[in-house]
Amino acid sequence: MSMVPSSIGPYRIIEGLGSGANGEVYLAEDTRLGRKVAVKTLSALDSKELTEAKRWVLREARAAARLNHPNIASVYDVLESPEGAHIVMEYVCGETLAQRLRDGPLPPAQVLEIAVQLADALAEAHSLGVVHRDLKPGNVIITPKGSVKVLDFGLAQVRAVEPGSTPVRSSRDFTLDGRQIGTPPYMPPEHLMGDPVDVRGDIYSLGVMLFELLTGHRPFQGPDAMALTMAILTQPTPRAGSGNAAVPPALDAIVFRAMSRLPQDRYASAAEMADDLRRATAGPAPSPVVSGRDAVLHAPTVSRDGRRPLPVGRRRRVFSIAGLIVLVGLGVYSAVARGRPPASSASATGPPVVAVLPLATVAGDTQGESLATGIADSLISSLTRVRGLTVISRQATLTYRDRKQDPAAIARELGVTVMVDGALQRSGDRVRVTLSILRPGSKIVSWSNSYDGSLTDLLKLQTEVGEAVVDAFSLALTSEDHQRLQQPPTRNIDALADYSQARTFLDRPDVKDNLDHSIALFLDAVAKDPRFVAAHAGLGAAYWRRYLATHDIVWSDKARDAISEALRLDPSNAAARSSFAVILSDTGRKTEAIEELRKAIAAQPSADEAHQMLGRLLFEAGDQEEGLAELRKAISLRPQYWSHHHNLGMALYKAGRFQEALLPFRRATELQPDQAWSYQMLGTTYHALGQPEQAVSNYLRAIQLGHSKAYSNLGTLYFEQSRFGEAAHAFEEALKIDPRSPVAHRNLGDVYAHLGQQVKARKYYEMAAQLTSDQLKINPRDARTLAMLAVYEAKIGNRRAAGQHISEALAVSPTSGEVLYRKAIVVALAGDGDAAVAALEAALERGYSASFASKDEDLALIRSRPEYRRIMAAAR
């Protein structure tokens, strides 16, 4: 504490009481009224900050002075002096809750008394638009008479902050030296992530305080600020009753709800919380309703196609013996038509984008499940043949087999405007298919019908169902369209049965022996009907799955041959061509893949996923403008699909067009807010733009959603700020989640190298190189992976191998800014400053981030060179 002044205005200083985040507190006497007061004085600031600081504190303190409540320490006065700004507050005798906690937890009955008073104090402040933002045991005093007084409302937030409003975050969310207002153990998750805070932030802080009073310890702990933040954002919210069996269930439930991770799951107001606390004080009462969403935050489960399903309730498929009851998740949906087509198929927001969900079947009916698979597959095939519709691939809808999401959630995740849902019931050799067309945006079932047939008539039934659903879209079909719809996939009923069962097995390749069964059944199907195009394509998909599992090139050759046969039989089959393009691309034959995708689009111009893949491949091949055009075409065909926006953002990011990349990444997070990857890239883009606050906020959001790579980026940001302990913690967390991540190993190596632990650093660099070499066995022509391997080899001193691999990377992608930047690192680590400067200049010209480069310790060799300063200045 600095030297104590003798007086401040009319207040005679008696002694110093302590220091706070923004200044020092003194006990003083008001010489006019003869009473003791507490005077808070701002810390010394430079002249540039002082004027704004005075305005800020005086404005906030004057607003807080409106508070008049027995449980709030009053603000009496605000004044200015040559030394700065001062807030004069009520002086409260007593003991802080922090001091009281030194003796351990308090009795639950006493905690209840304290809790009611605190909730009342917050309710009063919130009713006047004042949010405390730093509620903690050290800011609450218990007077000798047992009353509670909340201190330090003088630096609170004064805004319209009702739940559901959109408070705007400003520089006032930080202390005068740039630190965030608040004390991390008591700060709500949204505050830690840099999001706006409303009254529910104080409710969270109160919940944490009550938990600590009841148990004697805080709910979340960590050895440093980084670990504590991660614990608050990712660990399950604990129950106070688990740490203290004496806590009454009603009080336990109140505290748990107040500490909910999501603001909407907490009490909407402190007054509501106070009411529940009073009921708990009065005696046993029904526990408050507590959302289960915050009880456990699991890492997201990754589905078979790599997407993360939403964490929502499970819906069962129920069928009665007498007949079929179709539960298609309609909820508030109302059937407005039966057997009649809707008035219009076009969505008001864009072209019709259709998803056919897997048909529901009776649990345990394996034959029925196979039939349902075949009918859904045939239906997708029929819709795909119709121009004017964008139809989602069958693989993309497999996640929704068990109807774990409601229709609106499914539509949002897939980016569709229309869904075909339904069920199949089998009784003996009779089959009933019930279908509905749902429009999630309007919450209407716009069409529904049932179709009956026999197993021997299955081909006819499939054709009938396909034509009916196509008719339901009220599209003008040509005679050629009608002719295509009349063509069944096969006329051999046994081949169709084999195919349907094979598809069912292929849907679950994770189950032991399913892949073997699938391959065998597809082979049976093509043997029974050699012209069965879908069976050849399915066989190719099964072979490719086997290749991905074994990396045995024999299976990739078989996959290519099977799909080639499908295309020989039906050159216009866009789905088969797209599958063929995936195989070609993943085995390094990018040029051929591009050609196949062009043919697929010619056959089916509305194939949005083909446009997206073509755009990515063209961009990687150096044709950036055409690549971007294809990516934008994919968005125009399926504007509500987050992945298309994300891929456009990725291309713009790789081109160094960071400001432009922000918009598609933001749009992706709006369309799919529970999807972590776009938050990760939004943070990375802000990082590249030199905006660390926004970068950290988005990295933390991605981590909260379960994205391990965000730990690496967060660690990199801390490393750049010389916060090596926090950087190491972040990198170690990344490695725990993904032990085979080369980047996480390299990052830890960099930390230990900087700390002078060279042996430990080398171990991590060598592991990074080994893991990257393993990745190249799958695609030896991946330029980015080759370039990263070169960097790792350079770090362990293997200059020859590093030079060879960076040359191979440049041969594949000679204009890639990222690859050129890796070359700059490789040659800099080898001691060739001239080559490093030249490579860096080329990388920056092709869009690599100057912000990233300016902080990279691997370029230390050239940082003092005039040429380095020149090209960095030009890049900025």
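All of the numbers you see were taken from the coordinates with simple rules; none came from a lab. All of these numbers come straight from a predicted model, not from anything done at the bench. Every residue, glycine as well, gets a Cβ built from its backbone with ideal geometry; the counts of neighbours run over all protein chains shown.
Find, among the trypsin sites (Lys or Arg not before Pro) in region 672-764, those assigned to loop by DSSP (not H, G, I, E, B) with at most 16 other beta-carbon atoms within 10 angstrom.
Here the sparse-neighbourhood loop sites are 740.
Please state the shape class of region 530-630: rounded when a/c is under 1.5, otherwise prolate if a/b exceeds b/c and oblate if not, all from the C-alpha gyration tensor.
Cα axes put region 530-630 in the oblate bin.
Rank the residues 626, 733 as a footprinting-exposure proxy: fewest other Cβ atoms within 10 Å of their Cβ go first.
With the sparsest Cβ surroundings first, the list reads 626, 733.
Please give the FRET efficiency for residue 598 paired with residue 569, using the beta carbon to beta carbon distance and R0 = 25 Å, rounded to the nearest 0.05.
With a Förster radius of 25 Å, E is 0.80.
Please give the FRET efficiency for residue 482 paired with residue 512, using the beta carbon to beta carbon distance and R0 = 35 Å, rounded to the nearest 0.05.
That gives a FRET efficiency of 0.20.
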